[in-house]
1. For the cross-link pairs A:Lys40/A:Lys71; B:Lys159/B:Lys259; A:Lys71/A:Lys102; A:Lys102/A:Lys128; A:Lys105/A:Lys128, which exceed 18 Å when the distance is taken from alpha carbon to alpha carbon?
2. For segment A:62-166, which trypsin sites (Lys or Arg not before Pro) pass both filters: DSSP loop (anything but H, G, I, E, B) and at most 11 other C-beta atoms within 10 Å?
3. Given the alpha-carbon gyration tensor of segment A:239-289, what are the semi-axes of its equivalent ellipsoid in whole angstrom, ordered largest first, with each equal to the square root of 5 times an eigenvalue?
4. Which aspartates and glutamates, on any chain, are close to A:Lys99 with Cα under 13 Å apart, when same-chain ones fewer than 8 places away are left out?
5. Compute the distance from the alpha-carbon center of segment A:1-71 to that of segment A:250-314, in whole Å.
6. Which one of A:Ser89, B:Gly126, A:Ser42 has its Cα pushed farthest toward the positive end of the charge dipole of the protein assembly as shown, where Lys and Arg give +1 and Asp and Glu give -1 at the Cβ?
7. What three numbers, in Å, describe the spread of the alpha carbons of chain B along their principal axes, ordered from the longest?
8. What angle do you read, to the nearest 10 degrees and between 0 and 90, between the alpha-carbon axis of helix B:111-124 and the longest principal axis of chain B?
Amino acid sequence: MLELRDISLTVDRTDYLSDISARFEPGNFNVLLGPTLAGKTSLLRIMAGLDAPTTGHVLFGGKDLTGVAVKKRSVAFVYQQFINYPTFSVFDNIASPLKVAKVSKADIKTRVGKIAELLAISPMLDRKPLELSGGQQQRVALARALVREADLVLLDEPLANLDYKLREELREELPRLFRETGSTVVYATTEPEEALLLGGHITLMHEGRVMQTGPTLEVYRNPVSLQSARTFSDPPLNIMLARRSGSDMHIAGLSQSYSDTLNLPDGNYDIGFRAHHLHVAKPSKGALSVKAVVTMTEITGSESFIHVEALGQRWTALTHGVHHHKAGAAIELFLDPRDFLLFPAAGTAPLTNQAKVA
Amino acid sequence: MLKRIRIIPTLYIIFLMLPIYWLLTMALKTNAEILGGFSLWPQNPTLANFKTILTDPSWYNGYINSTIYVALNTVISISVALPAAYAFSRYRFMGDKHLFFWLLSNRMAPPAVFVLPFFQLYSSIGLFDTHIAVALAHCLFNVPLAVWILEGFMSGVPKEIDETAQIDGYSFGAFFARIFTPLIASGIGVAAFFCFMFSWVELLIARTLTSVDAKPIAAVMTRTVSASGLDWGVLAAAGVLTIVPGAIVIWFVRNHIAKGFALGRV
């Protein structure tokens, strides 16, 4: 098990990571999700030992590894760029960590053969990495990470530079490949969709801090803060402001209010809801109706993204099928309060003022 | 139209090749023919001039001396420049950019400036007229150039390769020798070529720091005026033989030479 204790990283007076404490279990697929510049790569590099944290400790299996040289650790790292040794053949690339560890020749041959078979690169073992396609090159890098059976395997957006089809293929294979090794696997990604597909356990990061950790689906369903919900939403989370008194919620700019049975204190709230919860047709009896103005429609075929302005906010609605609306058209959208994610508004101005603006 | 356009480069190439052609024909002529009048090609081609050079120690020792100090200089320059270039390419340290630029500005000084201090210094410590003296003096110009060229090539190798090697468990030495050096092999070739070329053609320092034992071929060539006058044919043959090593070396690095002129930054 990998444990981070109070990790922070400051370079040239810029804070890249602050107060990070987290645990990553072996046999679990640990996803590190956050937008670019959230500090995922910095954190992975500290886990690997490539960089030292400014403060804090990295523990593995209870042993403090902070300051231990990378080459003395049992770790594998796969980069977003396809990093292989260009002058080595594919076989020698995969075999390199074993050769350094002085594994016997016969042993190397069987282990490399097995991994190459698993990743479907057996026919290319004699070629040079640069003669392969991008997807195959990344498979070679993954094979090198796998063959070593390292205690800790770190994957830094390994699929980001691959085309769509290959990503789908490898995304399915990856959790299966690593599950059997018993390694502690940490996979960094910027894409909420990818995180959900990979499943396992998630750590949400934003601006150098850990926002939330837990089983991926659970975190997706119950984000603990507005920032968590934002980090874990694609298309971006839609937001509106509301004021609560008793069991009634008054949404800023909306005459209609609704009530729920949640036991929450009075005050200002941010209400977040995901794009697929903004409906073009009334989904249920208790749904709220909102007038919106279309700014743009993106149609992918099976889905349409309708970008609108409503209640003074920019929202996105994700709908099935083709729904074309001209820019500037006024439409009616529906919201089911059961889909709402409520977060107490911190330091917002009194709601009455905002209601006037809206 | 196309034909007419072809004429211009053809003329240009003839213009460039003319001195070399003339040198070659002179080398194959007898002195009598050279002084006798105008002839486009040797009437009685002879290899006697080349034979003189290859059999007379005072001539061929010049080539041996030049080769020794050029080789010494190239080896020293590259082995000093490799770690320096790696540091400039991979690490940030105080004053790194200034130091890096200062290195190159060193090269802008004319060699003549350094003739006097080198002569006095090497004379006083007993290095005068040795191969190592010339080799070390040329390092002043070649090490900065080699550092710049190698740094350019090294920076073209992603830093992640170094890290992957560390992660795989390679020691730094093993990584540098087995993984990194092959990746910048063409850069090493180009840097070595530039060191070779400078050292091979540099005359002033080489001549000043030597007298007999380490006298370079270029210096030998300037001292051929004898009682019987100038030996034109032998001098031309020596010139031809001086061009040959450069031509051979350039052949090996021909595909990377442009990158070398851009100091590895393409």
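A short reminder: the numbers here are calculations on the coordinates, not readings from a lab. Computed from a prediction, not measured in an experiment: that's the story for all the values here. Cβ atoms come from the backbone with ideal geometry, glycine included; neighbour counts cover every protein chain shown.
1. On the way: A:Lys40/A:Lys71 22 Å; B:Lys159/B:Lys259 20 Å; A:Lys71/A:Lys102 14 Å; A:Lys102/A:Lys128 23 Å; A:Lys105/A:Lys128 20 Å.
Check vs 18 Å cut-off fails for A:Lys40/A:Lys71; B:Lys159/B:Lys259; A:Lys102/A:Lys128; A:Lys105/A:Lys128.
2. On the way: sites: A:Lys63, A:Lys71, A:Lys72, A:Arg73, A:Lys99, A:Lys102, A:Lys105, A:Lys109, A:Arg111, A:Lys114, A:Arg127, A:Arg139, A:Arg144, A:Arg148, A:Lys165; in loops: A:Arg73, A:Lys102, A:Arg127, A:Arg148.
Passing sites in segment A:62-166 are A:Lys102.
3. Details: eigenvalues 79, 31, 22 Å².
One finds semi-axes of 20, 12, 11 Å for segment A:239-289.
4. A:Asp107, B:Asp168
5. 38
6. B:Gly126
7. Taking the Cα atoms of chain B, the three principal extents are 73, 66, 31 Å.
8. 80
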